[in-house]
Each structure stands twice: as structure tokens, then as C-alpha cells.
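Participant: First, the structure itself, so that you have it in front of you.
Read-outs: derived from the displayed coordinates by stated rules, not from any lab. Remember, it's a predicted structure, so these values are computed and weren't measured experimentally. Cβ: placed from backbone, ideal geometry, glycine included. Neighbour counts: every protein chain shown.
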Amino acid sequence: MRRYAMMFEKLCAEGRGAFIPFTVLGFPDEEQCFEHLKLLARHTDALELGMAFSDPVADGPTIQRAITAALAAGATPARCLRLVARLRERCPDLPIGLLVYANLVVHPGIERFYGDAAAAGADSVLVADVPSEEGEAFSEAARAAGIAPVFIAPPNADDCAFDRIARLGAGYTYVLARSGVTGAEPAACAPAEGLFNALAVRKAPPPVAGFGISTPEQVRAALAAGAAGAVCGSAVVERLGALGPGETRHEAVTAWLDTMRDATRAIRGEFSHRPSSRRASPSIP
Amino acid sequence: MKPGRFGEWGGRYVPELLVPPLAELDQAFESAQADPAFRGELDDLLRHYAGRPTPLTLCRNLATDTPARIYLKREDLVHGGAHKTNQVLGQALLAKRMGKRRIIAETGAGQHGVATAIAGALLNIPVQIYMGAKDCTRQKANVFRMELLGAEVVPVDTGSGTLKDAINEALRDWAASYADTHYLLGTAAGPHPFPTVVREFQRVIGREARAQILEREGRLPDIAVACVGGGSNAIGLFADFLEDEFVRLVGVEPGGDGVATGRHGATVSAGSPGILHGAFTHVLQDGDGQILESHSVSAGLDYPAVGPEHVHLAKTGRAQYVNVTDREALAAFRELSRAEGIIPALESAHALAWALDEVRRTERETVILVNLSGRGDKDLELVRSELQRKSQVL
């Protein structure tokens, strides 16, 4: 969990936000995925990695297709965690988050799931279909295993939900840039500033925006609105999917990743204006 | 206890984004239930549009060589051909009450889709139905019915292209559209408050049946039996008998090719604890927690999860869950058609198959109440080809 705190501290000093690409573990297959992970790790601040589940209700078409491909190629939770462990070996300081669905957590048993995730080297776990009102047991088990439980802050949350999200969450808070499911379409608008304020007054973990973010302009807009970083999923998965097996010319992808990452930089002024919405040392247990 | 729990089962396992619309539905439902004007409008529709109360029919020819009497609760006579219409009318009125301007729903075989399209036409609300691409092909007639009624049918080709994927897609739609759209879930499953909303709107089945059988027999039935896919007709039948502890409640799940083959949909009796479509319930899953496809000759029972209240009733012992294979259900389908002149839905034939088996075992005078949840017109093509396949001639 400390890796997130260290990352935000470092980025804050540099005057930028975090760029966090997402891909699906085991997509398109285990070995190509590991190549993708190595490539991504060199051009990002942190990684968010999805575990393939048969019924991904929070995901749009691009990530659904990646999940289907991963499952067809034999992705299992154990193999996904093996990929995380291999990545952790190469990148000791990179914050690695897992995005999963509830049944994959309760099936082996909540304690065992978080224990295995921690052993593989994951820093955080976001369970897409566990809202804060059902989150108590998940948050407790995660913390006991040394995993930061990440919760989603949607635009339509009420005060009680914000309270719970701030209290139960650690590592970072996943702020929805729009309603709907994951995907580049429809494009995100900047999340409402009210959302960031609601989190900031409750001292919630640093807000990272996601859903519909696929261009540097959207990254800039999210950070200008108060985000401490941006997650980019479908646009990354699409580009990784276009790489053929054994492809060595990754320039187009890495150049795009760097553009996205650079877009977190142009906010120096904003940073000093809103210290409250971007605390460097969040409430991490 | 957290809201929407039946013992430890149920809950609201959905993306945080869907919690506010579910809470809104919960509040609207509570206030509507307490509002005589709402109850009055729904009762009026059930009576003058849907055709309630439905009759309770004593079988004249089935089981006459036994000391048992079998009563059929005739939900097959509800407008639309199944019990589905009861709760769809309730939820559609709720949607209007909440000021929603659009309704979305999922459907497997198409029965819930047809019922929703009926309500949309009647109440002037645009309806969009998500239906697995495979199911669209298998159930062409119902796709046409829905379109004729003015609904738009959206084929879903992700995942397995069946009911569970249609539910996934409806949930995805709702995550973007909740502000002006009601998701009209078709069974007593899913996240809170759906299992409760659907039970309460289906409770009319058991309430009528209880009064009818008291009038006819002067006592309550020994057994009340219904088929269980998601579980809405069963929970509707059971609800008013839960306090009558001497009434044995039996839920009949689809045994498909036989539970031992793995090709079945017997979620309560042969599934395991898991989370799907918003509820902690029983699901069919593999060793990693991936959801498996269910199998049943009856599309309406073909679902790899089940309403959480049924799991609670099973665990507490208040209800018993058994299963009946495709073959046994087909036999009961023929038997009721020939003996009583009633062609049942294949779903309902599962409940009947168990009842027929039970009366053959019993030597005591037994009164059995069977929920005949729907009519079988929709199944004629399928049954004809199944029977031909087994080289049996009608």
C-alpha cells in the first residue's frame, strides 16, 4: 500500500498527476500479456490490471472482448496472479492495482483472495460490483492482508456514500468521469468539481479519474478539475490488442503512452490552488 | 441487518453507480405500497386487463386412482399467457410513478419481454428488450410478438448470448440511463429491492390460491409446489403460505439432462454460494468462480443463479428444492394436455411432473396445489421436435 503513497508524494513534488493504464491480465494470452505489462511499466506511474470474469457488468465492449479473449486463452485467477508476481519481480516500486468482480473474491473465500493477491505483490484491489454499502467485509479483509481497498466514487453518490467511500477506501479513490460502463465511448467530460470537494473534505484517498478517458485533453481536464491522476483502460486495451504476436515495433504505442503521461504535467498552477483535493499523504493504514 | 437480506442471502452487489437508482426504486416501491391510489390502479389493471383472479382448477382425470387431489392455480390464463404480467404491470406503474420515460428489460425465452412490451404499449412507455442472440434465433415468434407490441428487441451477442448476458447488458444500459429509465427486472432475483418488489407483486398468486382452496377444501393444502428458475412464480405462490408451517412448500428446479451430468439449472439444490447480478445467492460456477451456463429444455428456467430468498428458504428448511429432468417435464407436458385439456408451459410442467410423482408415492389423502405458471403455446415447436427426436409419436 505504501507504494501509492510514495508515488503520490513523488508526483506531487514533480507537479504532476498519476497516469495509470489498465489492461486485462491474460489478454490476449499469458505471454503476450507479460510483454504488454513490461512495455506499460516503462511508461507509467502505476498499473491497474483486470482479472477476467465471465460476467463483467461494469465493462463496455472493448474490455469485454479482451476478457473473452483472455478466458479463451486459459486465463484463471491463479494465472493472473502469477503474471502479477512476475511483474512485481521486475518492478519492485510500481504500484499495481487489481480490478476484479465480487464472485472471484468470495469464491476462494475473502481472506484467502486478499492473501493471495498480497502474496503476488498487488497493492490494491477494486471490486467493481461491491459498492461501499457492501464494502465493510471486503475492506477489512483487504487491510488485514496489507492490500489497499479501492472504492468507486460516482457522480450520483450521496453524503452517506461519500462518508463510507472515504472511511473504507485506501490507496486511491476511483472517481467516475461519467456514468455508464468502461469504454472510450461516450467520451468523458471532466468529473464535477463538487465530487472532488466532497472527497477532499472527508480526507478520502487521492482521487483518480476513470471511465471514458482516452485522450491527453481528457487527462488534462480531469486533473484540472481536481483529480490526482487518470486511469485509461479501453484506449490502452485497443492499442495493445492491435499489436501482433512477437511485435517488436511498439513505438506508436509507447509514444502515445508518453503523450498521455505528459498530459498529467500541465497542471502545476492548479496544484498549488487546490492542496486540499490532492493530499500527498492520504489516510493509508 | 443490511437491507434486502434474507438471512445472509441477497444484498446489493452492484457498481456504486447503481446504488442510487436502486435506492430510488426501493423508496418509490415502499411509498407506492402504502398509497391506496396506486394499489387501486394496479388492482384495477389486474382485474379488468390481466384477467384476475385466475381460477383454481381441480384435476378431473389426473391422479384419480390415488387418494390425492391436484389443484392447478391457473396463471396460464393471465393475459400474456403467464404469471409474468402480474409483476410487470406493478413495476411499469412504479416506473410511471417515478417519472421514468423509458423501460428496459432482459428476456430469455421472451415471456418477460412480451409481458413488458404489453405493459409498455398499455401505459405508453417506450420499451427496449435485451435478448441473447442465441435466444433471438430460438424464439423467433416471441421476437416478432414484442416488435408487434411496439418494443425494440436488442440482440446481445456477448458472452454466451443467453439470458445471463442479456441481464448484463441491461445493467450496463441502466448504468448510463438510470436518470430517465426504469430497469424492469423479470424475476425475484438480482440486487435489492428487486427480489422483494417482484415477490410482493407476485404475492397475489398465493393470496388468491389460499382463499380459493380454503373455500373448496375447507382447509389448506398439504403441499404447494411451483417451478423455480429465477423463482418469481414460486415465491409468489409461497409468500402467503410461509406462516402456515404445516403446508409443505416445494420448489422444482430444472434437472436438464440430469444433475449428475452437469447439464442442468438446479441452482438451489446443486449450485454453490456466489455473487451474480447483484445478489449473494446460489450460482452455477466452475472451480475458479466463473459462471457456467445452465441447461434446460425450458428456456424460462435456464438461469445459472436464483432468487436469494429461495436459498434462504432452503437453508432454513422452510421450503424444499427438488429437480425434474427434461424428459420427466416433457412427459408431464403431454400428460396434462391429454388428461385435462390444458397445455402447460414447459416450466410449469416441471412442477406438475414432481406433483404427479408425489401422488403416486402417497397413500394418504393429499391435497396438492400446483402453480400452473404459464401456458404452453410458446413451447409447441420445441416439444414437437423433442418428441420426434425421441421417436415418440403424439
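Participant: With N set to the number of residues, divide the alpha-carbon radius of gyration of the range B:294-394 by 2.2 N^0.38 Å and report two decimals.
Facilitator: 1.15
Participant: Equivalent ellipsoid semi-axes for the range A:156-239, as square roots of 5 times the alpha carbon gyration tensor eigenvalues: give them largest first, rounded to whole Å.
Facilitator: Square roots of five times the eigenvalues give 22, 12, 11 Å.
Participant: Then there is this: Principal axis extents for the range B:126-262, Cα atoms only, whole Å, descending order, please.
Facilitator: Each principal axis gives a Cα extent; for the range B:126-262 these are 50, 42, 29 Å.
Participant: I would also like to ask the following. Name the long-range amide H neighbours of A:Gly50: under 5 Å, sequence gap of 5 or more, or other chain; modelled H, no Pro or chain starts.
Facilitator: Here the answer is A:Thr23, A:Val24, A:Leu25, A:Leu99, since their amide H atoms fall under 5 Å of that of A:Gly50.
Participant: With both bridge residues required to lie in the range B:58-198, what share of the DSSP beta bridges run antiparallel, to the nearest 5%?
Facilitator: Antiparallel bridges make up about 5 percent of those DSSP assigns within the range B:58-198.
Participant: May I pose another question? Multiply the residue gap between B:Ala176 and B:Glu365 by 0.36 nm, knock off their C-alpha separation, and tell me the result in nm, one decimal place.
Facilitator: Full extension of this stretch gives 62.4 nm more.
Participant: Just the Cα atoms of the protein assembly as shown: what Rg and Dmax do they give in Å?
Facilitator: Final numbers for Rg and Dmax: 26.6, 89 Å.
Participant: Taking every residue in A:180-192, how many Cβ atoms of other protein chains lie within 10 Å of its Cβ, on average?
Facilitator: That works out to 2 on average.
Participant: In addition: Can you give me the angle between helix B:36-48 and the longest principal axis of chain B, using Cα atoms only, in degrees from 0 to 90, rounded to the nearest 10?
Facilitator: 50 degrees
Participant: Just order B:165-174, B:297-306, B:265-274 by mean Cβ neighbour count inside 10 Å, highest at the front, would you?
Facilitator: B:297-306, B:165-174, B:265-274
Participant: Taking just the alpha-carbon atoms of the range B:295-354, what radius of gyration and Dmax come out, in angstrom?
Facilitator: Reported Rg and Dmax, both Å: 13.2, 38.
Participant: Over 27 Å between Cα atoms: which of B:Lys84/B:Lys140; B:Lys100/B:Lys164; A:Lys10/A:Lys38; B:Lys84/B:Lys164; B:Lys73/B:Lys134 fall into that group?
Facilitator: B:Lys73/B:Lys134
Participant: What are the ³J(HN,Hα) couplings of the range B:77-93, residue after residue, when phi is run through the Karplus curve with 6.51, -1.76, 1.60 and θ = phi - 60°? Round to Hz, x for glycine and proline.
Facilitator: 8, 5, 3, x, x, 6, 4, 3, 4, 3, 7, 5, 4, x, 5, 5, 5
Participant: Moving on. Please compute the average number of Cβ atoms from other chains found within 10 Å of each residue's Cβ in peptide A:97-104.
Facilitator: 4
Participant: Another question about this same structure. State the extension gain, in nm to one decimal, for the chain segment bounded by A:Glu111 and A:Asn197, taking 0.36 nm per residue of separation less the distance between their alpha-carbons.
Facilitator: Net length gain for the segment: 27.6 nm.
Participant: Consider just the alpha-carbon atoms of the range A:28-86 and return their Rg together with their Dmax, both in angstrom.
Facilitator: Reported Rg and Dmax, both Å: 11.5, 31.
Participant: Another question, then. Please list 3J(HN,Hα) in residue order for the range B:129-141, calculated via the Karplus relation 6.51 cos²θ - 1.76 cosθ + 1.60 where θ = phi - 60°; whole Hz, with x for glycine and proline.
Facilitator: 10, 8, 9, x, 4, 4, 5, 4, 5, 6, 10, 4, 4
Participant: Multiply the residue separation of B:Asp377 and B:Arg327 by 0.36 nm, subtract the distance between their alpha-carbon atoms, and state the gained length in nm to one decimal.
Facilitator: 16.1 nm
Participant: If one computes P(r) from the Cα atoms of the range A:104-219, what percent of pairs lie at distances over 25 Å?
Facilitator: 25 percent
Participant: Viscosity 0.890 mPa s, temperature 25 °C: Stokes-Einstein D of the range B:178-255 from its Kirkwood Cα radius, in µm² per second?
Facilitator: 182 µm²/s
Participant: If I histogram all Cα-Cα distances within chain A using bins 5 Å wide from 0, what percent of pairs lands in each bin?
Facilitator: In whole percents, the pair-distance histogram is 1, 6, 14, 19, 21, 19, 13, 6, 2, 0.
Participant: What does a probe at B:Leu220 reach in the range B:339-373, counting residues whose amide N is under 16 Å from the point 7 Å along Cα→Cβ?
Facilitator: Taking a point 7 Å out along Cα→Cβ of B:Leu220, the residues of the range B:339-373 whose backbone N falls under 16 Å are B:367-370.
Participant: Please compute, over every Cα-Cα pair in the range A:86-158, the percentage with a separation greater than 15 angstrom.
Facilitator: Tail fraction, whole percent: 52.
Participant: Using a 7 Å offset from the Cα along the Cα-to-Cβ direction at both A:Glu238 and B:Arg334, what is the distance between the two label points in nm, to one decimal?
Facilitator: About 5.6 nm separates the two model spin labels.
Participant: Hey, what do the phi angles of the range A:22-35 turn into as Karplus ³J(HN,Hα) couplings, whole Hz, using 6.51/-1.76/1.60 and θ = phi - 60°, x for Gly and Pro?
Facilitator: With the stated coefficients, the range A:22-35 comes to 10, 9, 9, 5, x, 9, x, 8, 4, 6, 4, 4, 5, 4 Hz.
Participant: Kindly rank B:116-126, B:229-239 from highest to lowest mean number of other beta carbons found within 10 Å of each residue.
Facilitator: B:229-239, B:116-126
Participant: Given H placed on each backbone N at 1.01 Å, which residues far from B:Glu253 in sequence or on other chains put an amide H within less than 5 Å of it?
Facilitator: B:Val228, B:Val322, B:Asn323, B:Val324
Participant: Once you have the alpha carbon radius of gyration of the range B:18-104, what is it after dividing by 2.2 N^0.38 Å, with N set to its residue count?
Facilitator: With N residues counted in the range B:18-104, Rg over 2.2 N^0.38 Å equals 1.48.
Participant: Take the Cα gyration tensor of chain B, multiply each eigenvalue by 5, square-root it, and list the three semi-axes largest first, rounded to whole angstrom.
Facilitator: 30, 23, 21
Participant: Please average, across the residues of A:69-76, the number of beta carbons from any other chain that are within 10 Å of each residue's own beta carbon, and give a whole number.
Facilitator: Neighbouring Cβ atoms belonging to other protein chains average 1 per residue here.
Participant: Here's a follow-up. Counting Lys and Arg as +1 and Asp and Glu as -1, what is the net charge of the other residues whose Cβ lies under 13 Å from the Cβ of B:Ser177?
Facilitator: Its environment carries a net charge of +2.
Participant: Something else about it: Which FRET efficiency, nearest 0.05, do A:Arg86 and B:Glu152 yield, Cβ-Cβ r, R0 51 Å?
Facilitator: 0.60
Participant: Now for a separate question. Would you mind checking which residues have amide H under 5 Å from B:His192's amide H? H placed 1.01 Å from N; only 5 or more apart, or other chain.
Facilitator: B:Gly11, B:Arg12, B:Tyr13
Participant: If r is the Cβ-Cβ distance from B:Leu122 to B:Gln27 and R0 is 25 Å, what FRET efficiency results, to the nearest 0.05?
Facilitator: Calculated transfer efficiency: 0.50.
Participant: How long is the range B:220-362 along each principal axis, judged by its Cα atoms, biggest number first, in Å?
Facilitator: The Cα atoms of the range B:220-362 stretch 46, 34, 23 Å along their principal axes.
Participant: Rounded to the nearest 0.05, what FRET efficiency do B:Ala211 and B:Arg263 give with R0 = 51 Å and r taken as the Cβ-Cβ distance? Could you check?
Facilitator: With a Förster radius of 51 Å, E is 0.80.
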